[in-house]
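Visitor: Okay, handing you the structure first.
Bear in mind that the values in this text are calculations on the coordinates, not laboratory data. All values reported here derive from a predicted model rather than from experimental measurement. Here the Cβ positions follow ideal geometry from the backbone for every residue, glycine too, while neighbour counts run over all protein chains shown.
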């Protein structure tokens, strides 16, 4: 039996990816009800979808059910501090862009928050113009992260259509091996290598070997993320 017989049928490139549309809503997490309500109102007046939460746990529970593009978080809250909330988001694989609010911020707290991905550290009383500008930057960062996740999901979906033999050939091609070298390494004919190689390019939509290398890099990043 020809080795080419183990190939799976040609399938259309995947269209439905696993990444949700980019989130654009802004969360306001602050135990100060008056400030929280004021910020939500301001954000809505500026055209943002916004929702307020009185504590970190309330926000965490809600964010598991719906997406937020960024969050404005009070640094010091009784149930859970802003830094604790940030750590929990990162731990569950959701490094959401955060803007921290504080009336008593310290340099070490600022450094730690920024190191862990905070977009800005805003002191009370708030400069609303600066805050609105920071929200725009945070949402832009979130869209960029969503685009990367979508690209990685797309790469994984394309590679998932390949048969085991096609994957072996794909990795060998990406390593820069010639058809004759791949044939010798896998114990198949050059003709079979060419057949599988053509199928790999067709199924993944790669137009060249560099495209294939980038695709493999993306699948590796997706697996480790």
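Visitor: Taking the radius of gyration and the Kirkwood hydrodynamic radius from Cα positions alone, what is the Rg/Rh ratio for the range 26-155, to two decimal places?
Guide: 0.95
Visitor: Taking R0 as 30 Å, what's the FRET efficiency between residue 209 and residue 189 from their Cβ-Cβ distance, rounded to 0.05?
Guide: Once the sixth-power term is evaluated, E becomes 0.90.
Visitor: Report the paramagnetic label zone for residue 217: residues of the range 158-186 whose backbone N is under 20 Å from a point 7 Å from Cα along the Cα-to-Cβ axis.
Guide: The answer is 158-160, 170-177.
Visitor: What distance in nm lies between label points placed 7 Å from Cα along the C-beta direction at residue 94 and residue 202?
Guide: The answer from the label model is 4.2 nm.
Visitor: Please give the per residue volume of the convex hull enclosing the alpha carbon atoms of the range 161-224, rounded to a whole number of Å³.
Guide: Spelled out: Cα convex hull of the range 161-224, divided by residues, is 81 Å³.
Visitor: Return the distance in nm (one decimal) between the two label points of a simple spin-label model at residue 79 and residue 49, each offset 7 Å from Cα along Cα→Cβ.
Guide: Here the answer is 2.3 nm between the modelled labels.
Visitor: Multiply the residue separation of residue 175 and residue 38 by 0.36 nm, subtract the distance between their alpha-carbon atoms, and state the gained length in nm to one decimal.
Guide: That pair, residue 175 and residue 38, stretches by 43.6 nm at full extension.
Visitor: Let me ask you something else. Label-point separation (nm) for residue 137 and residue 61, each offset 7 Å from Cα along Cα-to-Cβ?
Guide: 3.4 nm
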